[in-house]
Amino acid sequence: MSENNKILEISHLVKSFGNHEVLRDIDFSVEKGDVISIIGASGSGKSTMLRCVNLLETPTGGNIYYHGKDITDPKMDVCTYREKVGMVFQSFNLFANLTVLENCMVGPIKVAKKSKEEAKELAMKFLQKVGMDPYINAKPKQLSGGQKQRVAIARALAMEPEVLLFDEPTSALDPQMVGEVLNVMTALAKEGMTMIIVTHEMAFARDISSHVIFMADGVIEEEGTSDDIFKTPQKEKTKEFLSRFR
Ligand code: ADP
Ligand code: MG
């Protein structure tokens, strides 16, 4: 693909907490339309990596280029960058005191400086997309986990991001609610949304991913196409990890 399709380039990313080096020399790039799954054991650094990409954590070393501009440069406008790189969390992080509709309008109004009318239109469009438009006046506590996560996805989409990051979006859900969230994500992938997804749902990762990254102990141990990783893994650590899901 041409350079123009490259949205993000993560180069020699390092993150330490004190003496603990959690990420070591992470390199990968994200092109328009990519669906990248990140798999690996608990504690391998997956969340820290996503949080660095979104600058929720400050990298200790290395660079992150967004359309060729280094966003780890202290002079960069981080707010604009964060609008373009959305995040969906395991624990939803909805505003408890706001309705479903208000949750989805607040970012477009406060951050993207849209008018109330525009924000409402955007919020409605994406709530319809995730099937949550019948619940616009509900408060988060009235919703199931799956419904809350679908609202969180609509809220992220209402910022019209270029890339959406998901950190174990179904891990906090009861099993019967996992499917509704994965279905929404599959639909987004089919529409060409660029996504980076940390997940333990291996069948989903296998089916949806254009690229799979297996992390172990803070490094990318192995990466490749879905078939490379799930059908013909080369490294012992990858094989061992995947065998836990069979
Ligand atoms: P994963 O998401 O793959 O389970 P994490 O990125 O959450 O892994 O964690 C990787 C390692 O970094 C773990 O050893 C964890 O304890 C450590 N870690 C994560 N966040 C912090 C933090 N804020 N302070 C200190 N250590 C942290
Ligand atoms: Mg994690």
Worksheet item: Only one of (1) in a helix (DSSP H, G or I); (2) under 19 Å from residue 185 (Cβ atoms) is not met by residue 160, so which one is it?
Response: (1)
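Each row is one residue, and each column tells you yes or no for (1) touching an Asp or Glu at 6+ places or on another chain (Cβ under 7 Å); (2) away from ligand 2 (no atom under 16 Å from the Cβ); (3) of a type in the set (D, E, K, R).
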{"residue": "7", "(1), (2), (3)": "yes, yes, no"}
{"residue": "23", "(1), (2), (3)": "no, no, no"}
{"residue": "33", "(1), (2), (3)": "no, yes, no"}
{"residue": "38", "(1), (2), (3)": "no, no, no"}
{"residue": "55", "(1), (2), (3)": "no, yes, no"}
Discussion item. Being surrounded by fewer than 19 Cβ atoms within 10 Å (Cβ to Cβ), touching a helix residue (DSSP H, G or I) at 6+ places or on another chain (Cβ under 6 Å) and not hydrophobic (A, V, I, L, M, F, W, C) is true for just one of 131, 145. Which residue is that?
Written reply: 145
Worksheet item: residue 5 fails exactly one of the following numbered conditions: (1) touching a residue at least 24 places away in the same chain (Cβ under 8 Å); (2) within 16 Å of ligand 1 (Cβ to nearest atom). What is the number of that condition?
Response: (2)
Worksheet item: Between residues in region 32-44 that are touching a residue at least 60 places away in the same chain (Cβ under 8 Å) and closer than 10 Å to residue 218 by Cα and residues that are open to solvent by 30 Å² or more (accessible area, probe 1.4 Å) and within 16 Å of ligand 1 (Cβ to nearest atom), which pairs lie under 7 Å by C-beta distance while being six or more apart or on different chains?
Response: 44/217
Fill in: Subset of region 162-203 [more than 16 Å from ligand 2 (Cβ to nearest atom), open to solvent by 20 Å² or more (accessible area, probe 1.4 Å) and not aliphatic (A, V, I, L, M)]
162, 174, 175, 176, 179, 180, 183, 186, 190, 191, 192
Practice prompt. Hey, could you check region 81-109 for residues that are of a type in the set (Ser, Thr, Tyr) and open to solvent by 20 Å² or more (accessible area, probe 1.4 Å) and say which is farthest from ligand 1 (Cβ to nearest atom)?
Written response: 99
Discussion item. Cβ contacts < 7 Å: first residue among the hydroxyl-bearing types (Ser, Thr, Tyr), restricted to region 210-236; second residue away from ligand 1 (no atom under 16 Å from the Cβ), any location; separation 6+ or different chain. Result?
Written reply: 210/34; 210/35; 225/211; 226/206; 226/209
Worksheet item: What is the residue count in region 214-246 for residues that are assigned to a loop (DSSP other than H, G, I, E, B) and either touching a helix residue (DSSP H, G or I) at 6+ places or on another chain (Cβ under 6 Å) or crowded, with 17+ Cβ neighbours inside 10 Å (or both)?
Response: 3
Discussion item. On the basis of being modelled with pLDDT of 95 or more and either over 25 Å from residue 123 (Cα atoms) or in contact with an Asp or Glu (Cβ under 9 Å, 6 or more places away or on another chain) (or both), does residue 165 make the cut?
Written reply: no
Worksheet item: In region 5-43, what residues are part of a loop (DSSP other than H, G, I, E, B) and buried (at least 17 other Cβ atoms within 10 Å of the Cβ)?
Response: 34
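The values are calculated or read from the model by the stated rules, or taken from the named source; none is laboratory data. Predicted, not measured: the structure shown is a model, and the values here were computed from it. Quick reminder, even Gly has a Cβ in these numbers, built from the backbone with ideal geometry, and neighbours come from all protein chains shown. The area values use the complete protein model at the heavy-atom level, side chains included, leaving out ligands, DNA and RNA. Shrake-Rupley method; radii C 1.70, N 1.55, O 1.52, S 1.80 Å.
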